[in-house]
Amino acid sequence: QKTTSQAGLVSMSEQENFIHQMIVSLRTQLLVMGASTEIAVDNMRNAIMKMDAPTAQAVIDGDDAIDLLENQIDSSSLSILARTQPVAGDLRFVVATLRIVVDMERIGDEASTVCGHIILMKGTSACELLDLLQDHLDNGLQAFRKSLRILREGDAEGALEMHQSYDDAEQSEVAIIQKLIERVHNPGSGAPLDTVFVMHMILIVHSITRIWRRSVNIAGHCYFAYRGDSLKHVAPHEHKEIMHF
């Protein structure tokens, strides 16, 4: 017959195992959502590269599945908080997850927004679009893939490095808009740009900027989960003053 002390140890062990299993399940759901969002972003890129309306429409149609994953992860996170009252690293991971899924869902929305413009730009040359957009697109998608790697591998240093480049996305966007303005006011520097094309182009560039910056946000949430330090509202040059939890 087990003593009261032994029974308490068994009960504590079972509780720890239960919490561990729920955290593992939550992490799996989060990685599934990351993979689904990555597919949407990759297909968005393919739609841009080929000005492919069917691919663009598939991204738009698939956005509901990403929204559903967000709802499921929210429910799982709240269940963990209510049933297990996690502490320390487990609590930080759950809190970070609730933040990460918001950014992932918005990235999916931005991919859908870009694809909506691709459909409306039917007949536009992919070369004409990519001539201005290529670097911004590549860097934005690279940032998203890096944020997913940081999430999978627990790369806190990589997360901090991404945060230090937070302003790069906006600077890249501004450079493209300046080129568009120059082309509009000085057609001699290239083929004249249609007003409708410029409008769609600006909106596409801005959506990619949002994907890029939300990817940096995801890395910041990961840093909080792994290191217990918050990067929210911290400028890159202020890392020495990061608040510790």
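Scoring 153-160, 30-37 by mean Cβ neighbours within 10 Å over their residues and listing the highest first yields 30-37, 153-160. Take 141-151, 164-174 and order them by the average number of nearby Cβ atoms within 10 Å per residue, most first; the result is 141-151, 164-174.
Surface composition of the chain: carbon and sulfur make up 54 percent of the accessible area, probe 1.4 Å. Quarter the surface of the alpha carbon convex hull of region 86-162 and you get the mean projected area, 6.4 square nanometres. Surface exposure of the chain, expressed per residue as accessible area with a 1.4 Å probe, stands at 52 Å². Remark: the chain projects, on average over all directions, an area of 15.9 nm² (convex hull of Cα atoms). Simple point charges give the picture: +1 on the Cβ of Lys and Arg, -1 on the Cβ of Asp and Glu, and for the chain a dipole about the Cα centre of about 460 debye. Structural descriptor for region 25-141: relative contact order 42 percent, calculated from alpha carbon pairs under 8 angstrom and at least 6 residues apart. In order along region 121-126, phi translates into HN-Hα couplings of 8, 3, x, 6, 6, 4 Hz, rounded to whole numbers, per the Karplus curve 6.51 cos²θ - 1.76 cosθ + 1.60 with θ = phi - 60° and x for Gly and Pro.
The values are calculated or read from the model by the stated rules, or taken from the named source; none is laboratory data. Every value quoted in this text rests on a predicted model; they were computed, and no experiment measured them. Neighbour counts run over all protein chains shown; Cβ positions are idealised from the backbone, glycine included. Accessible surface areas use protein heavy atoms only, side chains included; no ligands, DNA or RNA. Shrake-Rupley method; radii C 1.70, N 1.55, O 1.52, S 1.80 Å.
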